[in-house]
Amino acid sequence: MHKINVAIDGPSGVGKSSVSDRLAQDNQMIHLDTGAMYRCVALALKENGVSLRDHEAVEHVLNTLKIRFEGSKVFLNGQDVSEKIRTNAISNFTSKVSSLPEVRKKMVALQQEITKDKNYIVDGRDIGTTVLPNAEVKIFLTASPKARAQRRYDEYMMKGIECDYETIYQDIVARDYQDSHREISPLCASEDAYQLDTSDMTINEVVEVIQEIMDKKL
Ligand code: C5P
């Protein structure tokens, strides 16, 4: 079968990860969660007490860190950090860390190396614009901040995680702002991306629309 790469970009909580997981499963492709990679960098910097102004120390952490995916688990330097990287504190710190030029340069290079043989569903913020400008399929998902906050709230409630809708909503708005106002690779749709507002769509419906687009390229 013809091998392709699929870029799925969009803001926090829009459902990129769930949609990418499903598409990867259905098409025997591999899901690369680039947000998890930035989250690992943030965790490594935090655990090493590195100041974001200390560029030498940041470079050192970047050059020594090893990120490995195993199914839905993420390993940082051999340690399973799948849960540790998903806390609110790390989410907010990641947004700051990911605006550092040296961090973006390293992550983009790594992501391009990983996906060079194709067959990847890559989700992130700058995949269609920067990481894979030649991806065969480019999707940009959007949904209102309220719809995204509600989805995250429902997800946490289902998992029994204590949470508060207003805090989740404010976090989403703050991360949107940081991600779309940074100087390098801000969150924005590539001109040739297929844009889909998912506010009133179920995951199944989103998957179906993207699958149809993929089928034309496979
Ligand atoms: O997708 P996720 O919410 O896990 O991403 C966490 C953070 O990583 C985002 O808020 C964003 O700051 C950063 N990120 C990025 N570029 C990507 C993926 C994630 O800057 N390609």
Q: Hey, can you tell me all the residues within segment 49-104 that are touching a residue at least 60 places away in the same chain (Cβ under 8 Å) and hydroxyl-bearing (Ser, Thr, Tyr)?
A: 91, 95, 98, 99
**Q.** Residues within segment 193-217 that are outside any helix (DSSP H, G or I), touching a strand residue (DSSP E or B) at 6+ places or on another chain (Cβ under 6 Å) and not hydroxyl-bearing (Ser, Thr, Tyr), tallied
**A.** 5
Q: Scan the helices (runs of 4 or more DSSP H) fully inside segment 18-111 and keep the ones with 1 or more residues being open to solvent by 70 Å² or more (accessible area, probe 1.4 Å), of a type outside the set (S, T, N, Q) and closer than 20 Å to residue 179 by Cα.
A: 34-47, 88-97
Q.
Name the residue that is farthest from residue 70 (Cα to Cα), counting only residues in segment 22-37 that are within 14 Å of the ligand (Cβ to nearest atom) and of a type outside the set (S, T, N, Q).
A. 35
Q) Got at least one residue in segment 130-152 being without any contact (Cβ under 8 Å) to a residue 60 or more places away in the chain, over 18 Å from residue 9 (Cβ atoms) and of a type in the set (A, V, I, L, M)? A) no
Q.
Of the residues 6, 19, 14, 41, only one is under 11 Å from the mean Cα position of the chain (by Cα), touching a residue at least 60 places away in the same chain (Cβ under 8 Å) and within 15 Å of the ligand (Cβ to nearest atom); which?
A. 14
Q) Taking the condition within 14 Å of the ligand (Cβ to nearest atom), open to solvent by less than 20 Å² (accessible area, probe 1.4 Å) and among the hydrophobic types (A, V, I, L, M, F, W, C), does residue 131 pass? A) yes
Q: For segment 134-175, name all the residues that are more than 28 Å from residue 212 (Cβ to Cβ) and crowded, with 18+ Cβ neighbours inside 10 Å.
A: 149, 153, 168, 169, 171, 172, 175
Q: Could you look through segment 134-155, keep only residues that are in a strand (DSSP E or B) and among the aliphatic types (A, V, I, L, M), and pick out the one that is farthest from the ligand (Cβ to nearest atom)?
A: 137
(Q) If I ask for residues that are modelled with pLDDT under 95, closer than 16 Å to residue 131 by Cα and of a type in the set (Gly, Ala, Ser), which ones from segment 175-213 would you list? (A) 185, 189, 190
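The values are calculated or read from the model by the stated rules, or taken from the named source; none is laboratory data. Just so it is clear, the model here is predicted, and its values are computed rather than measured. As a convention, Cβ positions derive from the backbone with ideal geometry for all residues, glycine included, and neighbour counts pool all protein chains shown. Keep in mind that these areas ignore ligands, DNA and RNA; they rest on the heavy atoms of the full protein, side chains included. Shrake-Rupley method; radii C 1.70, N 1.55, O 1.52, S 1.80 Å.
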